[in-house]
Amino acid sequence: MGVIPIPSTATSAIVAVTIALYGISWYMTATSGSGQASAMGGISGEVLLRLGAKSPYIFAGQWWRLVTAIFLHAGLLHIGMNLWCLFDLGPEVESLFSTAKFVVFYLVTGVLGFVLSLWWRPFGMSIGASGAVCGLIGILIGASFHHGHLGKAYRGQLWRWVIYIAIFGIFLPIDNAAHFGGLAAGILLGYLVPEGDAETQASQKLWNALAVLSVVIIAGSFALMALQLGQPVR
């Protein structure tokens, strides 16, 4: 992993959306009078809930929270850590598999991470890209099984990331279920999905269609969030 990673196309877009959502949530917190925005850029829990945090509202039909929660963060340290990891891991996955596959991977691992989180803590609120980031780690771990001794050495480096995240989870209020849900989904995808561009035109069209569908799901989820933004939080 490079010291100064250079983000690629889809990674840059995801980073931009994540930063934009953080800016919106910070502004909403600052203008709400809660006073949280000044302390390490902390975001109000009510603001996060309005903007689509994973919460029990999912059981009321607000499934889109499994998507929007991926792009929300609780403070500067939270978003800083996740974007640092994304800048480092995203270009690797995107160059190894292709941009279309990366977009699908990011959404699927992030959503499945929150699905496990919802099962583990059905009444808790959670946000953050770390489930999807752990998914990227898992994808690289899964792919490393195809590269013999080089893959084994690289896999050892990647497992250190998992250990660090697990240690942080002991001392900080981190959603470990989302982390390990994303990680497990990533390992499976990285092992099963062939690396590089699709070998046939039909499979390339399929991955492109899945990537477009993923973008539509993300955009649609935020559209549904916006429709209920002015409604009272009950």
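Quick rundown of the values:
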read-out	value
Hits in segment 126-143 (condition: in contact (Cβ under 8 Å) with a residue 60 or more places away in the chain and either in a helix (DSSP H, G or I) or of a type in the set (Ser, Thr, Tyr) (or both))	Ser126, Gly131, Ala132
Residues satisfying the stated conditions in segment 59-82, i.e. surrounded by fewer than 18 Cβ atoms within 10 Å (Cβ to Cβ) and within 19 Å of Leu227 (Cα to Cα)	Phe59, Ala60, Gly61, Trp63
Unmet criterion (only one of (1) β-branched (Val, Ile, Thr); (2) modelled with pLDDT under 90; (3) in contact with a strand residue (DSSP E or B) (Cβ under 7 Å, 6 or more places away or on another chain)) for Ile165	(3)
Residue within segment 174-191 that is exposed (fewer than 12 other Cβ atoms within 10 Å of the Cβ) and of a type outside the set (D, E, K, R) present	no
Any chance Ser221 is touching a Ser or Thr at 6+ places or on another chain (Cβ under 6 Å), part of a helix (DSSP H, G or I) and surrounded by 14 or more Cβ atoms within 10 Å (Cβ to Cβ)	yes
Tabulated pairs, segment 183-209, first of a type outside the set (A, V, I, L, M), second in a loop (DSSP other than H, G, I, E, B) and surrounded by 13 or more Cβ atoms within 10 Å (Cβ to Cβ), C-beta under 8 angstrom, 6+ apart or interchain	Tyr191/Phe145; Gly196/Ser98; Asp197/Ser98; Gln204/Asp197; Gln204/Ala198; Trp207/Ser98; Trp207/Ala198
Near pairs, Cβ below 9 angstrom, 6+ apart or cross-chain, from segment 98-125 (in contact (Cβ under 8 Å) with a residue 12 or more places away in the chain) to any residue that is assigned to a helix (DSSP H, G or I) and charged (D, E, K, R)	Lys101/Glu94; Phe102/Glu94; Val103/Glu94; Phe114/Arg65
Number of positions in segment 37-64 that are in contact (Cβ under 8 Å) with a residue 60 or more places away in the chain and in contact with a helix residue (DSSP H, G or I) (Cβ under 7 Å, 6 or more places away or on another chain)	8
Ser55 closer than 17 Å to Leu229 by Cβ and either modelled with pLDDT of 90 or more or in contact with a strand residue (DSSP E or B) (Cβ under 9 Å, 6 or more places away or on another chain) (or both)	yes
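The rows are residues; the columns are (1) at pLDDT below 95; (2) among the charged types (D, E, K, R); (3) under 16 Å from the mean Cα position of the chain (by Cα).
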{"residue": "Gly110", "(1), (2), (3)": "no, no, yes"}
{"residue": "Phe114", "(1), (2), (3)": "no, no, yes"}
{"residue": "Gly124", "(1), (2), (3)": "yes, no, no"}
{"residue": "Ala143", "(1), (2), (3)": "yes, no, no"}
{"residue": "Gly148", "(1), (2), (3)": "yes, no, no"}
{"residue": "Lys152", "(1), (2), (3)": "yes, yes, no"}
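The values are calculated or read from the model by the stated rules, or taken from the named source; none is laboratory data. All of these numbers come straight from a predicted model, not from anything done at the bench. Heads up, the Cβs are rebuilt from the backbone with ideal geometry, glycines too, and the neighbour counts pull from every protein chain shown.
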